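What follows is a structure written as structure tokens; I'll ask about it next.
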Amino acid sequence: MDKKHLFVTDLDGTLLNADSKVSQESADIISSLSREGALITVATARTPATVEPLLCETATSIPAIVMTGAAMWDRKEKRYIAPTLVTSEAITDIMPLFARNKINPFIYVLPAEGSVMTVYHNGILTNAEQRFVDDRRGLQLKHFCLDSTRGAEYPIPGTILIFAMGPRDRLDPVARQLKTDKRCSVSYYNDIFNHDLAYIEIFGPGVSKAAAVKRLADSLGATGITVYGDNLNDLSMMQIADEGVAVANAVPELIAAATRTIGPNTESSVARDIMRQIKIHS
């Protein structure tokens, strides 16, 4: 396994432990290997606003894949790379669809300059939306802008994500219509604790972790790809990898699809396996 082999790991439930942190052991292993030239990175649905604090003690030398692959993030320069935006035409059709179903979405907008993302929301916040905002206040790379004139004037240039939460009976019609819209990449799912609450994420066309992993591998001239994951949203990138590795705590469907299974996320298993694979093949 040469220095051009790319290792990509999901964060939550995979690299992150039960406390949703990178263990010190994992941070030390990945930092050391990266400084020696290993190509190691993360692929996550998270934005850089939470990725950076989580990886604050973990050195990597190549871009992180963020927002389900809608962009890459240069950790050194603190800038977005090759973002896939939602088109103005699509936004113009999507926003009235939310309005007809009495849903006020969050609109994620990349900066023309700098690294701070702005998240717009207009309308009264539900209890769930208020908790969502409160949990993310104070992040250095994300700014919430509530009930602003700017937020109501769609389409907003630089829109990378339209995100909404609400009752299934209101979001179902939105999801049904957008699932067939070629201008969008749509993810629609239930809250794991409250099954009456659903979430929808709308990105630009062709956005996926798999597509981003392929682009990154091509840009690096990678000779092979190993992917680590725990959930169904990791399946697509596993399928395009030379080796798909599931952590022991992964959902059964992912374990069944994986090339092999390692220990759980609570035992620094991903970092240990990367180190083991590099030693075996060096």
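Being assigned to a helix (DSSP H, G or I), under 17 Å from the mean Cα position of the chain (by Cα), of a type outside the set (A, V, I, L, M, F, W, C) and closer than 19 Å to Leu39 by Cα is the filter here, so list the residues in the stretch 5-25 that pass it.
Listed by number, the list holds a single entry, Thr14.
Can I ask one more? In the stretch 217-253, what count of residues is obtained for those that are in a helix (DSSP H, G or I) and without any contact (Cβ under 8 Å) to a residue 40 or more places away in the chain?
Qualifying residue count for the region: 9.
Could we say that Pro53 is out of contact with any strand residue (DSSP E or B) (no Cβ under 8 Å at 6 or more places or on another chain), assigned by TED's automatic domain parsing to the domain that holds Ser236, loosely packed, with under 14 Cβ neighbours inside 10 Å and outside any loop (DSSP other than H, G, I, E, B) here?
The answer is yes for Pro53.
Given the criterion small (Gly, Ala, Ser), loosely packed, with under 14 Cβ neighbours inside 10 Å and more than 24 Å from Ala128 (Cα to Cα), identify the matching residue among Ser236, Ser219.
The match here is Ser219.
I've got another one for you. Surrounded by fewer than 21 Cβ atoms within 10 Å (Cβ to Cβ), of a type outside the set (A, V, I, L, M) and touching a residue at least 40 places away in the same chain (Cβ under 8 Å): is that true of Ser61 in this structure?
no
Another question, then. Kindly establish whether Ala210 is closer than 17 Å to Ile65 by Cα, in contact with a Leu (Cβ under 9 Å, 6 or more places away or on another chain), assigned to a loop (DSSP other than H, G, I, E, B) and not hydroxyl-bearing (Ser, Thr, Tyr).
no
The rows are residues; the columns are (1) over 25 Å from Gly158 (Cα atoms); (2) among the polar types (S, T, N, Q); (3) not assigned by TED's automatic domain parsing to the domain that holds Ala250.
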position	(1), (2), (3)
Cys184	no, no, yes
Asn194	yes, yes, yes
Leu197	yes, no, yes
Ala222	yes, no, no
Asn231	yes, yes, no
Ser236	yes, yes, no
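While we're on this one: Filter the stretch 185-237 down to the residues that are closer than 25 Å to Tyr80 by Cα and charged (D, E, K, R) and list them by number.
Glu201, Lys209, Lys214, Arg215, Asp218, Asp234
If you don't mind, another one. Which one of these is at pLDDT 95 or above, under 16 Å from Glu153 (Cα atoms), among the hydroxyl-bearing types (Ser, Thr, Tyr) and surrounded by fewer than 12 Cβ atoms within 10 Å (Cβ to Cβ): Thr92, Thr87?
Only one candidate passes the filter, namely Thr92.
The values are calculated or read from the model by the stated rules, or taken from the named source; none is laboratory data. Values in this document were obtained by computation on a predicted structure and should not be read as measured data. Ideal geometry is used to build each Cβ from the backbone, glycine not excepted, and the neighbour counts take in all protein chains shown.
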